[in-house]
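Participant: Input: one structure, supplied below.
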Amino acid sequence: MIRLQNISKIYKNSTEFAVNEISLNINKGEIFGLLGTNGAGKTTIFSMLCGLFPPTSGEIYINNLSVRTQISEIKKIIGVVPQNIALYPTLTAKENLSFFGKMYGLRGKELTNSIIHRLEIFGLTKYADKKIKTYSGGMKRRINLIAGILHKPELLLLDEPAVGIDAHSRLEIMHELKKINESGTSIIYTSHYLEEAEKFCSEIAIIDKGKIITQGKPTELVKSANCSNLEEMFFKLTGNKSNV
Amino acid sequence: MYKLKASVIKEFLVLIRDIPGLIILFIMPAAMIIVVTLVQDSTLKSLSDSKIKILYVDNDNDILSNSLKEGLLKSEIFDLDTSKVNYEQAKNEVAKGKYRMAIIIPEGAADTIRKNIKPVVENIFSAEQNQQTVNFKKLEIQILTDPTIKNTFKQTMISDLQKYTSKIETQILFKILAEQLEKMTGVKPDLLDKPIETITFKETFAFEKETSIKPNSTQHNVPAWTMFAMFFIVIPLAGNMIYERENGSFFRLLTMPGNYLTVLGSKTIVYLGITFLQFILMILAGIFVLPLFGLPVLNLGTHPFALLITALASGLAAVGYGILVGTIAETHEQAGVFGSVSVIILASLGGIWFPVYAMPAIMQKISIISPLNWGLESFYDIFLKNGTVSDILPEISALTSFFIFTILIAYFYEKAKRMKF
């Protein structure tokens with residue numbers, strides 16, 4: 001479904017590679033975790049997958065469509081959940097979701113039903129008409145997620161979807177994401193919560209200094225590295241504890 | 001179209017829930033029009049309600065000082081205080097800021113004028129061999145001024161004093177002339193107490209077309225401050241764009257199907273609506289509010305369509321500028337400072353505060369780069385010259401082109417910025 005062919009990225013005014021010759025194949029139905037420390041290159045890959053800016057070299061294909069030349073086709077089949085709470089705080093949850101749904105091309109009953117359904121799933125129905133600025137962090141995260149899945153995307157790109165919220169809310173979000181995946185949506189997910197990634201992802205790639213240092217199924221990777229869990233393996237591979 | 005409509009609704013909701021933003025957009029400009037028009041109008045009405053305090057030290061008490069005093073009192077601009085008796089006292093009072101100005105008439109001032117004029121008159125009537133050499137004595141009237149008063153006011157004041165003294169000199173000349181004639185003929189001529197004023201000035205506005213419009217402070221200020229208010233939309237508009245970038249919703253929009261022009265289009269529609277409402281509010285203030293303060297009622301002229309397209313074209317130019325600033329500025333601080341300062345500069349250049357015709361030649365040439373000047377000229381054509389659509393076409397074209405130009409720059413700048421990442 002997704003092919004990254006030797007992609008590299010050097011930002012303007014920088015001499016260092018943010019992403020250096022990365023190649024990946026991600027299959028349909030996968031929950032793929034891009035893991036790494038802050039500044040490892042996860043968000044750069046994420047942004048290039050969304051078509052926000054092109055790689056300096058290499059190609060990215062989603063469903064055999066080139067991100068470089070066919071981005072408008074790709075945008076119709078992807079859903080994006082940014083790390084920030086990308087919502088309008090003075091609008092209600094319903095107004096926010098209605099706007100983003102419409103921007104994805106949903107209309108009429110399809111849009112209304114999708115909003116009602118998602119709010120129900122995430123337990124936010126009774127807060128639907130409240131302004132986002134009155135929401136707690138966890139509630140905002142959930143609306144942020146719903147805004148990216150209203151149109152039932154084939155591929156969901158999540159950039160740290162549960163960052164900065166309590167463990168309970170995080171667990172709830174991950175649980176719902178699992179369900180979304182089971183309904184046929186492939187997921188690419190960046191995170192630095194390794195324990196969570198170990199449970200959630202079907203496959204992971206650990207990125208360090210713009211390069212993939214290991215890739216595979218989490219359990220297999222942990223086993224082959226003779227570690228007890230993903231976190232231990234991560235420290236062993238990157239030698240970096242502080243930024244995870 | 002569907003996405004544009006959705007985007008317009010979102011922009012509208014975001015805007016109407018931003019109360020401080022709405023205050024900046026509507027209440028402040030309306031307050032500004034009322035305050036500035038009131039201030040300017042009272043200034044133009046020769047400050048009759050707030051007289052300027054002046055000290056008048058008369059060390060002569062003769063025709064010159066008395067006539068001067070009479071003239072100053074008659075002008076009704078000045079509140080004359082004659083209680084201080086000497087130069088030092090007067091200087092202290094002005095230095096303390098109690099008076100804006102002090103006029104000190106030296107002792108023997110009128111006599112000095114007489115002594116200067118008398119030999120001149122006598123020479124006129126005497127034979128060539130009896131001509132006397134005239135040594136004019138200088139008469140110096142001292143004027144002490146508060147350092148804070150503006151030069152223009154000072155110059156006007158001195159010019160008024162010169163006018164009075166010149167009248168009095170003429171009066172003395174007449175008197176001496178009459179005395180000389182009486183001496184020669186034995187008949188006392190019927191002398192006029194005061195010089196006659198046979199020259200008057202009649203002012204008529206030179207309109208190209210028949211109109212009932214009377215240029216006044218309302219006709220000048222309402223369009224000027226409407227333009228200023230419209231361009232101040234740059235602050236909330238740029239702020240809105242930066243906020244969207246900062247909180248990630250702009251990023252989200254970029255990852256969604258659709259064109260960036262849809263985003264810009266929705267902002268243009270909503271904020272153009274706002275500028276139009278500002279325009280309506282200003283017009284209503286000119287018609288209904290300013291007269292409550294004793295100011296003239298705004299006369300809209302007879303070409304409402306020309307007025308409508310001027311408002312729309314000016315609004316478009318203001319929105320285009322706001323979008324450009326919002327695209328280029330990285331932070332709220334940059335947008336706030338650059339936006340407001342640039343609008344103030346463009347307003348100064350455009351003649352909002354000071355008429356372009358009174359600017360130095362170089363500034364007059366520069367002023368044509370200001371879109372506020374184009375809008376203001378167009379409004380003036382309608383409000384002061386009863387202009388038609390064809391009269392304002394050059395300004396309307398310039399404003400619309402400015403909008404297209406700024407939107408294109410914003411569009412390509414945004415695109416280039418992302419590609420250069």
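Participant: Please determine whether any residue of the range B:367-377 is free of Cβ contacts under 8 Å to residues at least 24 places away in the same chain and either closer than 16 Å to B:M241 by Cβ or among the hydrophobic types (A, V, I, L, M, F, W, C) (or both).
Facilitator: yes
Participant: Here is a check on your reading of the model: is A:L97 closer than 19 Å to A:E196 by Cβ and in a helix (DSSP H, G or I)?
Facilitator: Spelling it out, it is not the case that A:L97 is closer than 19 Å to A:E196 by Cβ and in a helix (DSSP H, G or I).
Participant: Now a separate question. If we only count strands (runs of 3 or more DSSP E) wholly inside the range A:131-225, which ones have 2 or more residues that are of a type outside the set (S, T, N, Q), away from chain B (no Cβ under 14 Å) and touching a strand residue (DSSP E or B) at 6+ places or on another chain (Cβ under 6 Å)?
Facilitator: Per the criteria, A:186-191, A:203-208, A:211-216.
Participant: Here's another thing I want to ask about it. Does the range B:313-331 contain at least one residue that is surrounded by fewer than 24 Cβ atoms within 10 Å (Cβ to Cβ), among the acidic types (D, E) and outside any loop (DSSP other than H, G, I, E, B)?
Facilitator: Within the range B:313-331, not a single residue is surrounded by fewer than 24 Cβ atoms within 10 Å (Cβ to Cβ), among the acidic types (D, E) and outside any loop (DSSP other than H, G, I, E, B).
Participant: Something else now. In the range A:132-149, which residue that is among the small types (G, A, S) and in contact (Cβ under 8 Å) with a residue 60 or more places away in the chain is surrounded by the most Cβ atoms within 10 Å (Cβ to Cβ)?
Facilitator: This residue is A:A147.
Matching residues to (1) under 20 Å from B:L312 (Cα atoms); (2) modelled with pLDDT of 85 or more:
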site: B:A358; (1), (2): no, no
site: B:K365; (1), (2): no, no
site: B:P371; (1), (2): yes, yes
site: B:F383; (1), (2): yes, no
site: B:V389; (1), (2): yes, yes
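Participant: Same structure again: Give the range A:11-36 a look and list any residue that's out of contact with any Lys or Arg (no Cβ under 9 Å at 6 or more places or on another chain) and under 22 Å from A:E231 (Cα atoms), or say none.
Facilitator: Matches in the range A:11-36: A:E30, A:F32, A:G33.
Participant: Output the number of residues of the range B:229-244 satisfying the condition of being buried (at least 20 other Cβ atoms within 10 Å of the Cβ) and within 14 Å of chain A (Cβ to nearest Cβ).
Facilitator: The total comes to 6.
Participant: Something else: If you check B:I9, B:I24, which single one turns out to be surrounded by 14 or more Cβ atoms within 10 Å (Cβ to Cβ), modelled with pLDDT of 85 or more and part of a helix (DSSP H, G or I)?
Facilitator: B:I9
Participant: A follow-up question, please. Only one of (1) within 14 Å of A:P153 (Cα to Cα); (2) open to solvent by 10 Å² or more (accessible area, probe 1.4 Å) fails for A:G79. Which number is that?
Facilitator: Of the numbered conditions (1) within 14 Å of A:P153 (Cα to Cα); (2) open to solvent by 10 Å² or more (accessible area, probe 1.4 Å), the odd one out for A:G79 is (2).
Participant: Please go through (1) of a type in the set (A, V, I, L, M, F, W, C); (2) within 26 Å of B:P304 (Cβ to Cβ); (3) touching a Ser or Thr at 6+ places or on another chain (Cβ under 6 Å) for B:L324 and return the number of the only condition it doesn't satisfy.
Facilitator: (2)
Participant: Does the range A:17-27 contain any residue that is within 14 Å of chain B (Cβ to nearest Cβ) and open to solvent by 10 Å² or more (accessible area, probe 1.4 Å)?
Facilitator: yes
Participant: Looking at the range B:64-78, is at least one residue among the charged types (D, E, K, R), on the phi > 0 side of the Ramachandran plot and modelled with pLDDT under 80?
Facilitator: Within the range B:64-78, one or more residues are among the charged types (D, E, K, R), on the phi > 0 side of the Ramachandran plot and modelled with pLDDT under 80.
Participant: Between B:I366, B:I344, B:I362, B:I352, which is open to solvent by less than 30 Å² (accessible area, probe 1.4 Å) and either of a type in the set (F, W, Y) or out of contact with any Gly (no Cβ under 7 Å at 6 or more places or on another chain) (or both)?
Facilitator: B:I352
Participant: Among the residues of the range A:55-95, how many are at the interface with another protein chain (Cβ under 7 Å from one of its Cβ atoms) and out of contact with any Gly (no Cβ under 9 Å at 6 or more places or on another chain)?
Facilitator: 4
Participant: Test of understanding: among A:K223, A:K199, A:K217, which residue is loosely packed, with under 14 Cβ neighbours inside 10 Å and more than 21 Å from the chain's Cα centre (by Cα)?
Facilitator: Numbers: A:K199 fails: more than 21 Å from the chain's Cα centre (by Cα); A:K217 fails: more than 21 Å from the chain's Cα centre (by Cα).
After applying the criteria, what remains is A:K223.
Participant: For the range A:230-237, state whether one or more residues are in contact with a helix residue (DSSP H, G or I) (Cβ under 7 Å, 6 or more places away or on another chain), of a type in the set (A, V, I, L, M, F, W, C) and closer than 15 Å to A:F32 by Cβ.
Facilitator: Yes, there is a match, as at least one residue in the range A:230-237 is in contact with a helix residue (DSSP H, G or I) (Cβ under 7 Å, 6 or more places away or on another chain), of a type in the set (A, V, I, L, M, F, W, C) and closer than 15 Å to A:F32 by Cβ.
Participant: Can you pull out every residue in the range A:96-106 that is within 9 Å of chain B (Cβ to nearest Cβ) and either modelled with pLDDT of 90 or more or buried (at least 19 other Cβ atoms within 10 Å of the Cβ) (or both)? Can you show your working first?
Facilitator: Here is the first cut: in the range A:96-106, the residues within 9 Å of chain B (Cβ to nearest Cβ) are A:96, A:98-105.
Hits for the range A:96-106 are A:N96, A:S98, A:F99, A:F100, A:G101, A:K102, A:M103, A:Y104.
Participant: In the range B:65-107, what residues are open to solvent by less than 70 Å² (accessible area, probe 1.4 Å) and of a type in the set (F, W, Y)?
Facilitator: Answer for the range B:65-107, where residues must be open to solvent by less than 70 Å² (accessible area, probe 1.4 Å) and of a type in the set (F, W, Y): B:F78, B:Y99.
Participant: Here are B:T268, B:T275: which of them is open to solvent by 10 Å² or more (accessible area, probe 1.4 Å), away from chain A (no Cβ under 14 Å) and either on the phi > 0 side of the Ramachandran plot or not aliphatic (A, V, I, L, M) (or both)?
Facilitator: B:T268
Participant: Do we find a residue being touching a Ser or Thr at 6+ places or on another chain (Cβ under 8 Å) and either among the polar types (S, T, N, Q) or not assigned by TED's automatic domain parsing to the domain that holds B:K74 (or both) anywhere in the range B:170-178?
Facilitator: Taking every residue of the range B:170-178 in turn, at least one turns out to be touching a Ser or Thr at 6+ places or on another chain (Cβ under 8 Å) and either among the polar types (S, T, N, Q) or not assigned by TED's automatic domain parsing to the domain that holds B:K74 (or both).
Participant: Conditions: (1) on the phi < 0 side of the Ramachandran plot; (2) surrounded by 21 or more Cβ atoms within 10 Å (Cβ to Cβ); (3) touching a strand residue (DSSP E or B) at 6+ places or on another chain (Cβ under 7 Å). A:A93 meets all but one. Number of the miss?
Facilitator: Failed condition: (3).
Participant: Taking the conditions exactly as written (in contact (Cβ under 8 Å) with a residue 24 or more places away in the chain and within 25 Å of A:Y11 (Cβ to Cβ)), does A:L194 satisfy them or not?
Facilitator: So A:L194 does not fit the description; no.
The values are calculated or read from the model by the stated rules, or taken from the named source; none is laboratory data. The shown structure was predicted, so the numbers you read here are calculated from the model rather than taken from an experiment. Note that each Cβ is placed from the backbone with ideal geometry, even for glycine, and that neighbours are counted across all protein chains shown. Areas reflect the complete protein model, heavy atoms only, side chains present, ligands, DNA and RNA absent. Shrake-Rupley method; radii C 1.70, N 1.55, O 1.52, S 1.80 Å.
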